[in-house]
Amino acid sequence: MKEKAENLIDDFKQQGWKTPNLYERLFELLDDHQAASTFCLLFMTNFEKGATIFNDSLSYIEKADFSKLIVSSLDRLKQQYNENAEAVIEYVSLQFPELLHPYLDLIFELKPNESAFYAEYPWRNLAADDIKPFIEKIKNHSTALLDQQKLYRCLMETRNLDTLNFAYQFAVKNNIFAREDIEDYLIDDLEAVGFTFRHGKIESYCPNLTFHFKFPEHYFHDDRPIHINKKQHPTWRLASTDKRFAFGGLIQDDQHNPFIHLITFEEIPKGLILKV
């Protein structure tokens with residue numbers, strides 16, 4: 001499989017998106033998680049510019065295999081800008097932020113994905129003891145204003161209530177964003193991480209629970225185009241509970257489009273809050 005990964009990289013170097021059977025060959029590799037990891041490492045090494053094919057392949061990497069990718073991506077970012085290395089940090093910060101926690105000092109220094117809304121995602125779910133150094137850093141008088149603003153956003157992403165209270169009060173007291181409407185301005189940051197300022201205090205306004213709908217085993221047929229082929233979508237292959245919900249009631253007159261349906265709840269799932 002490693003040889004196939006190397007051959008695909010070589011062909012993509014020469015022909016780009018004109019490479020014959022590009023995605024078919026990629027998906028053949030991705031059935032083997034070690035081959036998927038090898039492909040990603042090779043792609044990141046050989047290409048600086050980001051590509052959809054690389055982002056797609058990250059979805060097939062096993063959690064245990066990301067450690068090597070993380071180290072490799074940070075090593076590359078120490079040397080030069082690399083969109084694919086940044087994509088690794090982006091993906092891991094969303095799926096497995098705890099894997100990035102040992103590298104937060106370096107990530108703060110390198111500032112990958114700096115202009116993106118997810119730049120501070122690596123700080124998500126950070127343990128209270130590990131938050132303390134960043135609190136001390138933002139309080140330090142020698143810390144530059146831009147770094148204080150960055151640290152404030154990092155602290156917001158921890159979603160730790162005590163930390164949110166500190167960060168909010170620090171930002172207001174020191175007006176680190178130099179705004180007359182600083183309190184109103186900071187509400188947007190709180191709401192971006194699932195909190196708001198209500199009744200004189202910071203509160204969570206949404207449950208910390210998510211649901212993912214999984215299509216029935218034979219909902220999509222094998223003859224579907226590759227981009228909606230169930231075998232090629234990792235989330236469509238997740239294990240599900242025994243709960244079943246009907247896809248009924250056409251939104252529009254298109255009986256041949258399996259996506260155009262409403263979902264019928266015979267029973268509201270526990271923890272799912274619905275408002276009419």
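Observations on the structure shown:
- Members of the range 146-184 that are among the aliphatic types (A, V, I, L, M) and within 21 Å of Asp129 (Cβ to Cβ): Leu151, Leu155, Met156, Leu161, Leu164, Ala167
- Glu109 meets all of the listed conditions (1) over 14 Å from Leu164 (Cα atoms); (2) outside the structural domain of Leu74 (by TED's automatic domain parsing); (3) without any contact (Cβ under 8 Å) to a residue 24 or more places away in the chain; (4) not hydroxyl-bearing (Ser, Thr, Tyr) but one, namely (2).
- Selected residue (criterion: farthest from Tyr23 (Cα to Cα)) from residues of the range 185-233 that are at pLDDT below 90 and of a type in the set (Asp, Glu): Glu217
- Glu136 vs. criteria of a type in the set (D, E, K, R) and either closer than 30 Å to Asp56 by Cβ or in contact with a Leu (Cβ under 6 Å, 6 or more places away or on another chain) (or both): no
- When the test is whether a residue is assigned to a helix (DSSP H, G or I), at pLDDT below 95 and within 20 Å of the chain's Cα centre (by Cα), Ile53 passes it.
- Note on the range 65-99: among residues that are part of a helix (DSSP H, G or I) and of a type in the set (Phe, Trp, Tyr), the one that is farthest from Lys49 (Cα to Cα) is Phe66.
- Pick from the range 164-217, criterion aromatic (Phe, Trp, Tyr) and not in a loop (DSSP other than H, G, I, E, B), ranking: nearest to Ala239 (Cα to Cα): Phe195
- The set of residues from the range 174-189 being farther than 18 Å from Ile202 by Cβ and aliphatic (A, V, I, L, M) comprises just one member, Ala178.
- Failed item in (1) touching a helix residue (DSSP H, G or I) at 6+ places or on another chain (Cβ under 8 Å); (2) surrounded by fewer than 18 Cβ atoms within 10 Å (Cβ to Cβ); (3) outside the structural domain of Ala171 (by TED's automatic domain parsing); (4) not in a loop (DSSP other than H, G, I, E, B), with Pro102 passing the rest: (1)
- Any chance Leu77 is in the same structural domain as Ser93 (by TED's automatic domain parsing) and touching a Cys at 6+ places or on another chain (Cβ under 7 Å): no
- Residues in the range 128-163 that are in contact (Cβ under 8 Å) with a residue 24 or more places away in the chain and not in a helix (DSSP H, G or I) were compared, and the one that is surrounded by the most Cβ atoms within 10 Å (Cβ to Cβ) is Thr158.
- Across the range 32-50, the number of residues qualifying as in a helix (DSSP H, G or I) and either surrounded by fewer than 16 Cβ atoms within 10 Å (Cβ to Cβ) or not polar (S, T, N, Q) (or both) comes to 12.
- The set of residues in the range 107-127 that are exposed (fewer than 14 other Cβ atoms within 10 Å of the Cβ) and not in a loop (DSSP other than H, G, I, E, B) contains only Glu109.
The values are calculated or read from the model by the stated rules, or taken from the named source; none is laboratory data. Since we're looking at a predicted model, the values are computed, not measured. As a convention, Cβ positions derive from the backbone with ideal geometry for all residues, glycine included, and neighbour counts pool all protein chains shown.
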